[in-house]
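Each value in this text was obtained by applying a stated rule to the coordinates, not by laboratory testing. Small disclaimer: the values here were computed from a predicted structure and weren't measured. In this analysis, Cβ positions are derived from the backbone assuming ideal geometry, glycine residues included, and neighbour counts consider all displayed protein chains.
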Amino acid sequence: MTRRSAMHCLSVALIPAARGQDAPEVLEIGGGTISVTFGPGQFDLPRQALLDWITTGAKAVSGYFGRFPVPRASLEIVMATSRRGGRVSGVTYGDDGARSLVTLAQHATLQDLQTDWVMTHEMVHYGFPSMEEKHHWIEEGSATYVEPIARAAIGNLAVTRVWGDMIRDMPQGLPAAGDQGLDQTHTWGRTYWGGAIYCLLADVAIRQKSHNKKGLIDALRAINKAGGNIESDWSLERALQVGDKATGGKELMTLYGQMAKQSMPVDLPALWKQLGVRRESGKVIFDNDAPLAKVRTAIAG
């Protein structure tokens, strides 16, 4: 979550920290620098395992954006007060520089870190400009949508999981009775998964219009390259117009006009059929003869 108010070759290096117990670890990844500090307490896992976890998230985000989306970021890892292991939560800020606070359970395991989505989600926020509160859905929706795709691209998540989780979770973002559009309905489901539905629909529309030569990834990269990151305050219209220019169409602005102030029905089962993906007996099955199978493959795997 946020609070404010062809894959490039990634360079990864661990710079030795300065002397002193509280000196940060500094990671250089994808052209960006991440200063990592740890709160009090001792995790069960060794420090290197935690640094590897952070590196994986940064690699995923750098791969998606073509670079680490901000020149510098600060990340603090603190121990959760809850006794339940494996719990991860995070919040990201853009004021006073890109920075994230991630809470991790003391007894988290290596498997917990290998399957975690929070670290990547928080870092995706670095790549999009800060918005007015009413547009919080695009910040959280884009991070929700991009995170699994970015992780799959570096082999950290199976492509079947990307689509299986979308099929399972995206219905939470559909409009309910009384919905007044994404800009005016600020429930959890509409903010996170409603925003993700917007991103998926935009991705599919861009790829259809461009004959699969462009996608949402190109729009988000262009926004970030133009200076749109969490440290900058932009209007949503400005961001979408930059994205549309990069993809040679008007899909982002058109879809925004349809979803911002009114409830727009979305037939997700029909969309999954067009994309050629379904869940059956707990398994994800792809239909490569479906009309939009190539679009599905271009989006994720």
Taking max minus min of the Cα coordinates of the chain on each principal axis, largest first, gives extents in Å of 57, 44, 41
Out of the trypsin sites (Lys or Arg not before Pro) in region 171-213, which ones are loop residues according to DSSP with at most 14 other C-beta atoms within 10 Å? Lys213
Unit Cα scatterers, Debye sum, region 43-178: log10 I(q)/I(0) for q = 0.09, 0.19, 0.22 Å⁻¹: -0.28, -1.20, -1.44
All lysines inside 28 Å of Lys225 as judged from Cα atoms, apart from same-chain residues fewer than 8 positions distant: Lys59, Lys134, Lys209, Lys213, Lys214, Lys245, Lys250, Lys294
Counting Lys and Arg as +1 and Asp and Glu as -1 over every other residue whose Cβ sits under 14 Å from the Cβ of Val118, the net charge comes to -4
Add +1 for every Lys or Arg and -1 for every Asp or Glu among the other residues with Cβ under 11 Å from the Cβ of Gly181, and state the total. +1
In what sequence do Glu122, Glu25, Glu280 fall when counting other Cβ within 10 Å, fewest first? Glu280, Glu25, Glu122
Give me the distance between the Cα centres of region 202-266 and region 130-147, rounded to whole Å. 12
Calculated from DSSP H runs of 4 or more alone, at -39500 (n - 2.57) each and per residue, what is the 222 nm mean residue ellipticity of the chain, nearest 500? -12000 deg cm²/dmol
List every residue whose amide H lies under 5 Å from the amide H of Gln262, counting only residues 5 or more places away in sequence or on a different chain, with H placed 1.01 Å from N in the peptide plane. Gly181, Leu182
